[in-house]
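Written out below as structure tokens is the structure these notes cover.
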Amino acid sequence: MGSGRWSTDVYTAAENFRAATGRSAFAYSDGGARTAHPDLDPKGVFMRESRDSDEHPVSTPIVVMFDVTGSMGNVPRVLQTKLPQLLGLLTRKGYATDPQIMFGAIGDATCDRVPLQVGQFESDNRMDEHLSRIVLEGGGGGQKRESYELAMYFLARHVVADSLVQRQRKGYLFLIGDELPYRKVKPKEVKQVIGDDLAEAIPVESIVAELQRKFEVFFILPTAAGYGGDREVLDTWRGLLGQNVLELDDLDAVCETIALTVGLGEDNVDLDEGLDDLAAYGSAAAGSVAGALAPLADRSPQIRRL
Amino acid sequence: MREHVAVVDLGYGDAGKGTVVDALCGNQRVRAVLRFNGGAQAAHNVVADGRHHTFSQFGAGTLRGVPTHLTRFMVVDPLALSAEAAALGNPYHLLTVDGDALLATPWHRAANRRKERSNRHGSCGMGIGETMAYALTHADAPRVADVLSPARLRRRLERVQEAYGFTDAPVDDVVEAFVAFGRAVRIVHESHTMRLLAEGPCVFEGAQGVLLDEWRGWHPHTTWSTTTFDNVAELCPSFRRLGVVRTYTTRHGAGPFVTENPLLDLPETHNGHGEWQGAFRTGHFDAVAHRYAVEVAGGVDELAVTHLDAPVRETGLKICTSYRVDGEIHDRIVPGPHRDLAHQERLTAWLDRARPAELHRPADWATEIGGLLGAPVTLESYGPRAIDKRFVPAGVHRPAGIRLPTYCLV
């Protein structure tokens, strides 16, 4: 026995563990992977499930999908480092009950090798693993469009959530990107990427309407991204999603923005309280969040009820 | 070695379990070293290939590449673990941790030190006892598997922080460090223990010593840990029980120590005055107390005797075979009913009045100690390195059956 010779403080310990594990946050992508990781490949997936459990009896499904094409520049990397904090933010102040988070990535089915990646709904740090396995495509077609409609099709048809089945409560979907969707969900791409046989193309407006039966859908446009602030992009998404289009001037605030949006939607916090929470927590993001959430500020909070 | 072996210290700790485990791992192919009690306060010194390491949570076979498994009986301290791992070159590939094991937090540690300042007990200031005490009254005490669920971990850590009222370590920062711990180590189900035991011979490495046992030691100068073979018996159906003793008796910190003799010149390389434990005390070999340890441990199958080089250097060193208490001679400490702390406390008072009665100096220390404790000495140690050890072929010494403790016969 002895006297705790290896005693250390919490900060040194965290640093030691990180140095020892030493993985890049983007290990899979940086390892040169050019195909979706098996855990994130939508091909042949029947359902991604957000289920209630003994430990999480009142699950709240939250999906965050971000554009990983070239026009987003460094944005996906920043998101990959920021998003792991999302769960903590949601739970710390009770913005959401039993949040279950799924991450995914959107590319371009007309030219990318990895046009769609979708993780699983997780309520612990396994979601970090999914994040680390996302391939950062960096390509994109240069035609100001990405396959958002393909991602929306998958989420509309291949997600089952107990919140909806058991409690008639929608989930939350955050699309983070800077470009337009293609005008139609194309059967050939659906077959190739997901494996479904689709009789005919689905107009993007129809798939959005179908998706909104399951999710409260938000589009976050980081103004740091390629087409940030682009009028056509903003107008098109506003046409599809109304006031649920949020312009974000500081990517560092992405988690706070998502967390507070969910908190507002769940009626667990109002905007002023939420901004106070952020300030109390020492977050410098309050200003950016306030700007992004301005469209939501004056509307009734009961946005999630069916 | 085809059987599993459990290595337990029959004294107050510091007998040399670390070097014994290291020697067992060097002598035979060992599947894994399993830790079954205590936590980060253990300090098992091993010198191998010119390298000295004080093992605390990693098993003492680590320098030989033998994996360590921390069983559910351990109190795991991620903060201390990170420092120990860094000193070893981060051999996380050699480590598995049972998800059910309790987690020691900075708040447990702080509470332990606060108590120790006001009322010296002789603990190590690592919060092991505090963690065990907290778990007894809180069903949601943080456990290792919680680091895989940050939300649950946060809830449970917040409860600990609230319970103790310390605010110096922010919960967020502890969550972050513990989650990082979860990424570095492999967290396994309880069945992992069974798998290791099925795959090959394992060594169970005990911490502290039987005379510090929470139920059998000199209450209240004990540890919050079962230091006998009891935990091993819960994990493993069959194993050989190896008791470790020094040629002289030592004690770190407060509590009865009948044969203590500060005049003995026995310099200690790796043990010194502990900030939280107090002085390192030495004395003659206490055969009376060690026989009590064998008895309450349910017997031992074999013995390892360490520091056999010491009697040569200190010619005043002797073996005590009886006490004088209140004018009477006693050669046995009679075990009381199990889990009777009032009895143990009376025993402590009785021992405080005891003085050595009969002291002698044997010609052959190993044989003499084996005879007094009723088990063959199968390992003799003359120094800290594995090459200082001598494995004694079984049968050289008088083999002894397992003596049932008297309280089992009643």
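Here are the numbers for the structure shown:
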{"read-out": "Where B:D77 falls short, out of the listed (1) surrounded by 19 or more Cβ atoms within 10 Å (Cβ to Cβ); (2) within 22 Å of B:G16 (Cβ to Cβ); (3) not β-branched (V, I, T)", "value": "(2)"}
{"read-out": "Odd one out for A:G171, checked against (1) within 14 Å of chain B (Cβ to nearest Cβ); (2) touching a residue at least 24 places away in the same chain (Cβ under 8 Å)", "value": "(1)"}
{"read-out": "Leading residue by the ranking (farthest from A:S132 (Cα to Cα)) among those in the range A:78-93 that are touching a residue at least 60 places away in the same chain (Cβ under 8 Å) and within 11 Å of another protein chain (Cβ to nearest Cβ)", "value": "A:R92"}
{"read-out": "Tabulated pairs, the range A:271-289, first more than 16 Å from A:G94 (Cα to Cα) and surrounded by 13 or more Cβ atoms within 10 Å (Cβ to Cβ), second modelled with pLDDT of 80 or more and among the hydroxyl-bearing types (S, T, Y), C-beta under 7 angstrom, 6+ apart or interchain", "value": "A:V289/A:T257"}
{"read-out": "Options A:H37, A:H56: the member that is within 29 Å of B:A177 (Cβ to Cβ), modelled with pLDDT of 70 or more and under 20 Å from the mean Cα position of the chain (by Cα)", "value": "A:H37"}
{"read-out": "Residue, farthest from the chain's Cα centre (by Cα), within the range B:360-378, restricted to residues that are assigned to a loop (DSSP other than H, G, I, E, B) and not basic (K, R)", "value": "B:A363"}
{"read-out": "Test result for B:T282, assigned to a strand (DSSP E or B), crowded, with 20+ Cβ neighbours inside 10 Å and over 16 Å from the mean Cα position of the chain (by Cα)", "value": "yes"}
{"read-out": "Some residue of the range B:184-196 being within 10 Å of another protein chain (Cβ to nearest Cβ) and in contact (Cβ under 8 Å) with a residue 40 or more places away in the chain", "value": "yes"}
{"read-out": "Single match in A:F154, A:F121 (criterion: touching a Ser or Thr at 6+ places or on another chain (Cβ under 7 Å) and aromatic (F, W, Y))", "value": "A:F121"}
{"read-out": "Which numbered condition B:T96 fails, given (1) more than 17 Å from the chain's Cα centre (by Cα); (2) surrounded by 24 or more Cβ atoms within 10 Å (Cβ to Cβ); (3) of a type in the set (S, T, Y); (4) within 26 Å of B:A233 (Cα to Cα)", "value": "(2)"}
{"read-out": "Matching entry among B:A85, B:A80 (being of a type in the set (A, V, I, L, M), within 12 Å of chain A (Cβ to nearest Cβ) and in contact with a Lys or Arg (Cβ under 9 Å, 6 or more places away or on another chain))", "value": "B:A80"}
{"read-out": "Near pairs, Cβ below 6 angstrom, 6+ apart or cross-chain, from the range A:34-50 (among the small types (G, A, S)) to any residue that is assigned to a loop (DSSP other than H, G, I, E, B) and surrounded by 15 or more Cβ atoms within 10 Å (Cβ to Cβ)", "value": "A:A36/A:V114; A:S50/A:S59; A:S50/A:F121"}
{"read-out": "Failed item in (1) of a type in the set (S, T, N, Q); (2) modelled with pLDDT of 90 or more; (3) under 12 Å from the mean Cα position of the chain (by Cα), with A:Q80 passing the rest", "value": "(2)"}
{"read-out": "Residue in the range A:155-163 that is in contact with a Leu (Cβ under 8 Å, 6 or more places away or on another chain), β-branched (V, I, T) and surrounded by 18 or more Cβ atoms within 10 Å (Cβ to Cβ) present", "value": "no"}
{"read-out": "Neighbours by Cβ (under 7 Å, 6+ apart or cross-chain): first from the range B:9-30, closer than 10 Å to B:N45 by Cα; second assigned to a loop (DSSP other than H, G, I, E, B) and at pLDDT below 90", "value": "B:D14/A:M1; B:D14/B:N271; B:T19/B:P384"}
{"read-out": "Per-region count, the range B:295-319, residues more than 18 Å from B:E380 (Cβ to Cβ) and in contact (Cβ under 8 Å) with a residue 60 or more places away in the chain", "value": "5"}
{"read-out": "Single residue of the range A:129-145 satisfying the filter (over 16 Å from the mean Cα position of the chain (by Cα) and at negative phi) that is modelled with the highest pLDDT", "value": "A:R145"}
{"read-out": "Qualifying residues in the range B:49-71 (those that are assigned to a loop (DSSP other than H, G, I, E, B) and among the β-branched types (V, I, T)) - the one surrounded by the most Cβ atoms within 10 Å (Cβ to Cβ)", "value": "B:T71"}
{"read-out": "Given (1) within 14 Å of chain B (Cβ to nearest Cβ); (2) touching a helix residue (DSSP H, G or I) at 6+ places or on another chain (Cβ under 7 Å); (3) touching a residue at least 60 places away in the same chain (Cβ under 8 Å), number of the condition A:D124 does not satisfy", "value": "(3)"}
{"read-out": "Sole exception among (1) more than 11 Å from chain A (Cβ to nearest Cβ); (2) in contact with a strand residue (DSSP E or B) (Cβ under 9 Å, 6 or more places away or on another chain) for B:Q208, by number", "value": "(1)"}
{"read-out": "Count of residues meeting criterion [at pLDDT 90 or above, of a type in the set (S, T, N, Q) and in a loop (DSSP other than H, G, I, E, B)] in the range B:15-48", "value": "1"}
{"read-out": "Count - residues of the range B:85-115 that are over 16 Å from B:V160 (Cβ atoms) and among the hydroxyl-bearing types (S, T, Y)", "value": "2"}
{"read-out": "Per-region count, the range A:195-220, residues farther than 26 Å from A:L86 by Cβ, touching a residue at least 24 places away in the same chain (Cβ under 8 Å) and part of a loop (DSSP other than H, G, I, E, B)", "value": "2"}
{"read-out": "Every residue from the range B:138-181 that is surrounded by 16 or more Cβ atoms within 10 Å (Cβ to Cβ), at the interface with chain A (Cβ under 9 Å from one of its Cβ atoms) and outside any helix (DSSP H, G or I)", "value": "B:S149, B:A169"}
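Rundown of residues vs (1) of a type outside the set (S, T, Y); (2) modelled with pLDDT under 95; (3) under 17 Å from the mean Cα position of the chain (by Cα), yes/no style:
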| site | (1), (2), (3) |
| --- | --- |
| A:K184 | yes, no, no |
| A:V208 | yes, no, yes |
| A:Q212 | yes, no, yes |
| A:F218 | yes, no, yes |
| A:G242 | yes, yes, no |
| A:D252 | yes, yes, yes |
| A:E256 | yes, yes, yes |
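The values are calculated or read from the model by the stated rules, or taken from the named source; none is laboratory data. Small disclaimer: the values here were computed from a predicted structure and weren't measured. Reconstructed Cβ throughout: ideal geometry from the backbone, glycine too, with neighbour counts over all protein chains shown.
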